[in-house]
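Read through the structure below, which is laid out as C-alpha cells, and then see the notes.
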Amino acid sequence: MTNFQMYRHIMTPGWTLGWVWAKKEVIWSMVGAQATQQGDCSKFRGGNIPHSCMKNPTVVDLLPGVPYNQQIANCCKGGVVASWGQDRSAAVSSFQLSVGRSGASNKTVKLPKNFTLMGPGPGYTCSQAKIVPSTVFISPDGRRRTQAWMTWNVTCTYSQLLASKYPKCCVSMSSFYNSTITPCPTCACGCQDKNTCVKSDTKLSSVVGLHTPNKDNTPLLQCTQHMCPVRVHWHVKLNYKQYWRAKIAITNFDYRYNYTQWTLVAEHPNLNNVTQVFSFNYKPIVPFKSKNDTGLFYGLKFFNDVLMEAGPDGNVQTELILEKDLETFTFKEGWAFPRKIYFNGDECMMPPPDSYPHLPNSAHSNLAMKLPNLALFWVLVTLAFFLIC
C-alpha cells in the first residue's frame, strides 16, 4: 500500500483494508498484518486451520515489536503511514498472505472485489481490482530477477465530504497592527455535541474516561464557540524593512486524542520567499512550476511530531521569516493572512474575509504620527521655560 497523498497521512489507529473473495478462498497464513476475524473454519480438520475463512476479511497492520518471524519489510507500524510529501520512505505499508482454494493457475484465479479502505475513518472510495503487468523482483545481489504470477492494482481516493459532514479544524487570526483577534467562525465544526463537551473550568479529574479513547473514537472536546478538535492560529508578528515575521500555533482541543506525525499545509503567495522556519520542518509543495505558494509544515522527530491531547501541552507552534517582494507585499486587505489552511489533509474553516484584522485608517494613522511630535514640542517648551527661570 503506497500513500501518494502529498500531505495527508494515515494516522493512528491506522488503516483497515477489506475485500470480498470471488470464490471460496481462505487465508492460510499472514505476515506483517492480521485478519481481525477467523470466521467459520469448521470444514477444516486436524491441526492445519486457516488464519481466516471469512468471505469478506478485514485486515489491519501489526503493532511494532512483534516477533521477527511475523514481520515483513514496511510492516508493523500500527497502520500509520506517512504522507508522500512528508517522508516517501515511510509512505509504504506491506503485508503478505498465503491464499488457499483460489485455483491452480492464473486462468482460474478470480480477482477479489468490493475493496474498502478506512484510514482510519471513512472517506476513501476504492476502485475495482485491475490486472497490470506482473511485478518483477530483484534479488539483493542484483543478479537474479523473478516475476510475480499475477499482479493487480486497486486505487483508493479520499474525499473530505465523505469523511465528515463538518470540517475538523478552523483558523483564527491576529496581528501586531490591530488589537482585535479574529476568532474561528461560530460552530465551525458543528455544535450538535456542545452539551457533551468539557468546560474549561471543569475539574478534569472528575471527568470519567477523560483520557480513555472510546471504541468508536468519538472525541471529548473542550467547550468552545467553534467546537473544533484543532484550531490553527496565524499571527502577523513583526514588520522589518526587507522581511516580515508570522507565528503559527496549533492547538488540540480533544482530551482523548494525540495527533501523531501531524501535517499542516498553508497557502500564501509569499511562501515563495520563506527565509527561515523555526521548530518545524518545512517543504514547499510545487505542483505547478509557475506557482510556488503552498508549503508543508510538520514536526521534528522525537520533539514535536506528536500534538498532545488537550491541556497545557496540547499545542505546538512555529515562527517563520519571509522576504518581502516590494512589488506585491502589503498589509492591506488581509494580504498577510493565508488563503487556505489544511491540517492532516483536511481543509480548515477560515473566518469570513471582512472579519480579518485590518490596518488602522489613514486618519488614525496620521494622527498617531502627529501626536508624538506634538508631545515632544511641549516637552521642549517646558524644558526651555525652566532653563530661562
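The values are calculated or read from the model by the stated rules, or taken from the named source; none is laboratory data. What you see is a predicted model, and the numbers here were worked out from it, not measured in a lab. Please note: Cβ atoms are built from the backbone with ideal geometry, for glycine as well, and neighbour counts cover all protein chains shown. Only protein heavy atoms, including side chains, enter the accessible area calculation; ligands, DNA and RNA are left aside. Shrake-Rupley method; radii C 1.70, N 1.55, O 1.52, S 1.80 Å.
Could you list, in sequence order, the residues of the range 240-279 that are within 14 Å of the chain's Cα centre (by Cα) and among the hydrophobic types (A, V, I, L, M, F, W, C)? Within the range 240-279, 250, 262, 264, 265, 266 qualify. If you take the residues of the range 333-389 that are at pLDDT below 80 and in a loop (DSSP other than H, G, I, E, B), which of them is most open to solvent (accessible area, probe 1.4 Å)? Across the range 333-389, the extreme among qualifying residues is 389. Filtering the range 51-61 for residues that are free of Cβ contacts under 8 Å to residues at least 40 places away in the same chain, open to solvent by 30 Å² or more (accessible area, probe 1.4 Å) and either assigned by the TED database to the domain that holds residue 294 or in contact with a Cys (Cβ under 7 Å, 6 or more places away or on another chain) (or both) leaves an empty set. State whether one or more residues within the range 95-105 are of a type outside the set (Asp, Glu), open to solvent by less than 70 Å² (accessible area, probe 1.4 Å) and within 26 Å of residue 157 (Cα to Cα). Checking the range 95-105: at least one residue is of a type outside the set (Asp, Glu), open to solvent by less than 70 Å² (accessible area, probe 1.4 Å) and within 26 Å of residue 157 (Cα to Cα). Within the option set 174, 105, 94, being over 24 Å from residue 32 (Cβ atoms), of a type in the set (S, T, N, Q) and modelled with pLDDT of 90 or more holds for one residue only, 174.
Report yes if residue 308 is more than 15 Å from the chain's Cα centre (by Cα) and open to solvent by 10 Å² or more (accessible area, probe 1.4 Å), otherwise no. So residue 308 fails the test. Checked against (1) buried (at least 16 other Cβ atoms within 10 Å of the Cβ); (2) assigned to a loop (DSSP other than H, G, I, E, B), residue 225 passes all but a single condition, namely (1). For residue 115, the stated conditions do not hold, so it cannot be described as assigned to a strand (DSSP E or B), open to solvent by 50 Å² or more (accessible area, probe 1.4 Å) and either without any contact (Cβ under 8 Å) to a residue 60 or more places away in the chain or within 16 Å of residue 19 (Cα to Cα) (or both). When 247, 283 are checked against the criterion of being modelled with pLDDT of 90 or more and either assigned to a loop (DSSP other than H, G, I, E, B) or over 22 Å from residue 330 (Cα atoms) (or both), 283 stands alone in meeting it.
Against the definition (touching a Gly at 6+ places or on another chain (Cβ under 9 Å) and not in a loop (DSSP other than H, G, I, E, B)), how does residue 275 come out, yes or no? Spelling it out, it is not the case that residue 275 is touching a Gly at 6+ places or on another chain (Cβ under 9 Å) and not in a loop (DSSP other than H, G, I, E, B). Pairs meeting the criteria (first residue in the range 75-97 and in a loop (DSSP other than H, G, I, E, B), second residue open to solvent by 30 Å² or more (accessible area, probe 1.4 Å) and of a type in the set (D, E, K, R), beta carbons under 6 Å, at least 6 apart or on different chains) are lacking. Candidates are the residues of the range 132-171 that are closer than 30 Å to residue 108 by Cα, touching a residue at least 24 places away in the same chain (Cβ under 8 Å) and of a type outside the set (Ser, Thr, Tyr); the one that is most open to solvent (accessible area, probe 1.4 Å) is 149.
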